[in-house]
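Please read the structure below before turning to the comments.
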Amino acid sequence: QVHLVESGGGLVQPGGSLRLSCAASGSIFSIRTMNWYRQAPGKQRELVALITSGGSTIYADSGKGRFTISRNTTETTVDLQMNSLKPEDTAVYYCYAYMIATAPYRYVEVWGQGTLVTVSS
């Protein structure tokens, strides 16, 4: 079993900052990519940012210049630093990982439970 647990969501005023964290645990051999998605009310889930095992990053246009994704040295935790937040950033943010799990060895896709970010004055 592999689990992802997000933290760091909450209420913030426009222009403020939040840092989301996602920790992976369980029978993990290696994590290929860790991504952040978000889903606003009435909208489809969309990619916010991803980071590969090699450290390459990709950002959606909506977050370029404002959001930064990073992984810790053990590569089991991914953070999303969000600055200059706007009301349109309000959404449930989900962590996702594509990894090789053990017992047995296999590729798996894992989602976290989501954390709510509300940007409002």
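The values are calculated or read from the model by the stated rules, or taken from the named source; none is laboratory data. Predicted model only: the values in this text are computed from it and were never measured. Reconstructed Cβ throughout: ideal geometry from the backbone, glycine too, with neighbour counts over all protein chains shown. For accessibility, only protein heavy atoms count, side chains too; no ligands or nucleic acids. Shrake-Rupley method; radii C 1.70, N 1.55, O 1.52, S 1.80 Å.
Is there a residue being assigned to a strand (DSSP E or B), in contact with a Phe, Trp or Tyr (Cβ under 7 Å, 6 or more places away or on another chain), within 18 Å of Ala101 (Cα to Cα) and touching a residue at least 12 places away in the same chain (Cβ under 8 Å) anywhere in the range 17-31?
Yes, the range 17-31 contains a residue that is assigned to a strand (DSSP E or B), in contact with a Phe, Trp or Tyr (Cβ under 7 Å, 6 or more places away or on another chain), within 18 Å of Ala101 (Cα to Cα) and touching a residue at least 12 places away in the same chain (Cβ under 8 Å).
Out of everything in the range 17-43 that is closer than 16 Å to Ser62 by Cα and touching a Ser or Thr at 6+ places or on another chain (Cβ under 8 Å), what residue ends up being surrounded by the fewest Cβ atoms within 10 Å (Cβ to Cβ)?
Ser17
Any residue at all in the range 14-33 that is within 15 Å of the chain's Cα centre (by Cα), more than 15 Å from Val78 (Cβ to Cβ) and of a type in the set (A, V, I, L, M)?
Looking through the range 14-33, none of the residues is within 15 Å of the chain's Cα centre (by Cα), more than 15 Å from Val78 (Cβ to Cβ) and of a type in the set (A, V, I, L, M).
Could you tell me which residue of the range 1-16 is least open to solvent (accessible area, probe 1.4 Å), considering only residues that are under 15 Å from Met82 (Cβ atoms) and not in a strand (DSSP E or B)?
Restricting attention to the range 1-16, the residues satisfying the condition of being under 15 Å from Met82 (Cβ atoms) are 6-16.
Applying the additional criterion that residues be not in a strand (DSSP E or B) yields 8-9, 13-16.
Working: Gly8: 34, Gly9: 35, Gln13: 122, Pro14: 66, Gly15: 56, Gly16: 19 Å².
Restricting to residues being under 15 Å from Met82 (Cβ atoms) and not in a strand (DSSP E or B), the top hit is Gly16.
Quick test of your reading of the structure: Asn83 fulfils all but one of (1) out of contact with any strand residue (DSSP E or B) (no Cβ under 6 Å at 6 or more places or on another chain); (2) over 24 Å from Ser17 (Cβ atoms); (3) of a type outside the set (A, V, I, L, M). Name the failing condition by number.
If we test Asn83 against (1) out of contact with any strand residue (DSSP E or B) (no Cβ under 6 Å at 6 or more places or on another chain); (2) over 24 Å from Ser17 (Cβ atoms); (3) of a type outside the set (A, V, I, L, M), just (2) comes out false.
Which of the numbered conditions does Val110 fail, given that it passes all the others? Conditions: (1) touching a helix residue (DSSP H, G or I) at 6+ places or on another chain (Cβ under 9 Å); (2) more than 14 Å from Leu20 (Cα to Cα).
Of everything listed in (1) touching a helix residue (DSSP H, G or I) at 6+ places or on another chain (Cβ under 9 Å); (2) more than 14 Å from Leu20 (Cα to Cα), Val110 misses just condition (1).
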